[in-house]
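The values are calculated or read from the model by the stated rules, or taken from the named source; none is laboratory data. This is a predicted model, so every value here is computed, not measured. Virtual Cβ from ideal backbone geometry, glycine too; neighbours counted across all protein chains shown.
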Ligand code: DOR
Ligand code: ZN
């Protein structure tokens, strides 16, 4: 079968993005704005983005960091703490300052110390979210040190997510960056009010990429990549056309020195290449016809927003994409994800 070597899509959205602040924001925002029309921006700054006013002010800073002619729309999230004010969240949603609330179990990942220790202490907020239809985005990992890091997502589903969904079935939940076959199966078995984001890098790497033949800090993120059978399950979910699965890159820049360190931090920076890489993955699987659903349609529908009218066109070429090995961020630099193979898809318009 001949597969097309050119494809036009509604401009993609990134439903899970870390843009940071200050110099780093200035360096990475244009990288997302080049291909994406909108992004759901994570609130795990230091200090976190908790209130509607903080989200509105962060959104202004993001807009200022974009090229003057950019039409990129940052969509904001509020960081859920045990002191979050339900009235403020309701008002932020009504005013259009925030699209979703983000739940980080305290200690689960980068800048999550102000997250939630005890879900019972945020019941008031969760009930409001269910009432107003505002999605809760969840970093789905338990933080119990007794639980092996490779099991933390599956245990979270059993111990936390499933009981929460039974208690509050009206709550709309986005299970973020699913990394396990168990996560995929759980989302597939759900009967509503549950969707999941998948990153591009978890479709490419398994845990061997991080650890075999030397330790590779630029492949380390949270949730950490799992065994190959999990990667295959994620890939199948992405390629399946199931509207409950869509792209959230979790592109998470860190200064190179903070990654290449005795205690390197979690996060993989994929913004510059996520869309060409996904085109290649879908093409190689013979599923290019499902790429638009995954990157441009399913997420918009889930969040109740129109699919983009603008388009982008990608083309497969003989020459591989020439990505910089490093991107300058003030006196620091950020290392983009290296999938380990040449990417032949190029965004040629848009
Ligand atoms: O790898 C990660 N990096 N996972 C997260 O959940 C947070 C992110 C970050 O902010 O760096
Ligand atoms: Zn993230």
Checklist entry - If only one of 290, 301 is part of a helix (DSSP H, G or I), surrounded by 15 or more Cβ atoms within 10 Å (Cβ to Cβ) and under 22 Å from the mean Cα position of the chain (by Cα), which one is it? => result 290
Next on the checklist: Please count how many residues of the range 27-49 are away from ligand 1 (no atom under 16 Å from the Cβ) and in contact (Cβ under 8 Å) with a residue 60 or more places away in the chain.
Outcome noted: 5
Checklist entry - Can you find even one residue in the range 131-142 that is away from ligand 2 (no atom under 15 Å from the Cβ), closer than 30 Å to residue 85 by Cα and not in a loop (DSSP other than H, G, I, E, B)? => result yes
Checklist entry - How many residues are crowded, with 24+ Cβ neighbours inside 10 Å and assigned to a strand (DSSP E or B) when one looks only at the range 10-33? => result 5
Checklist outcome for this item: Picked from the range 95-126 (must be farther than 24 Å from residue 21 by Cβ and either without any contact (Cβ under 8 Å) to a residue 12 or more places away in the chain or in contact with a helix residue (DSSP H, G or I) (Cβ under 8 Å, 6 or more places away or on another chain) (or both)), the residue nearest to ligand 1 (Cβ to nearest atom) is 119
Next on the checklist: Residue under question is residue 5, and the condition is that it be under 30 Å from residue 317 (Cβ atoms), within 16 Å of ligand 2 (Cβ to nearest atom) and in contact (Cβ under 8 Å) with a residue 60 or more places away in the chain; does it hold?
Outcome noted: no
Checklist outcome for this item: Log entry, pairs with first residue in the range 262-279 being within 12 Å of residue 14 (Cβ to Cβ) and in contact (Cβ under 8 Å) with a residue 60 or more places away in the chain, second being part of a loop (DSSP other than H, G, I, E, B) and away from ligand 1 (no atom under 14 Å from the Cβ), beta carbons closer than 6 Å, six or more apart or on different chains, reads 275/12
Next on the checklist: For the structure I just gave you, tell me whether residue 250 is in contact with a strand residue (DSSP E or B) (Cβ under 9 Å, 6 or more places away or on another chain), at pLDDT 95 or above and either over 30 Å from residue 26 (Cβ atoms) or surrounded by fewer than 18 Cβ atoms within 10 Å (Cβ to Cβ) (or both).
Outcome noted: no
Checklist entry - Looking at residue 267, is it within 15 Å of ligand 2 (Cβ to nearest atom) and buried (at least 24 other Cβ atoms within 10 Å of the Cβ)? => result no
Item to check | Among the residues listed as 295, 347, the single one being touching a strand residue (DSSP E or B) at 6+ places or on another chain (Cβ under 7 Å), within 24 Å of residue 245 (Cβ to Cβ) and either assigned to a strand (DSSP E or B) or at pLDDT below 95 (or both) | outcome: 347
Next on the checklist: Can you pull out every residue in the range 52-80 that is crowded, with 19+ Cβ neighbours inside 10 Å and part of a loop (DSSP other than H, G, I, E, B)?
Outcome noted: 72, 80
Next on the checklist: Could you check the range 150-192 and list, in sequence order, the residues that are part of a helix (DSSP H, G or I) and within 16 Å of ligand 2 (Cβ to nearest atom)?
Outcome noted: 152, 153, 156, 183
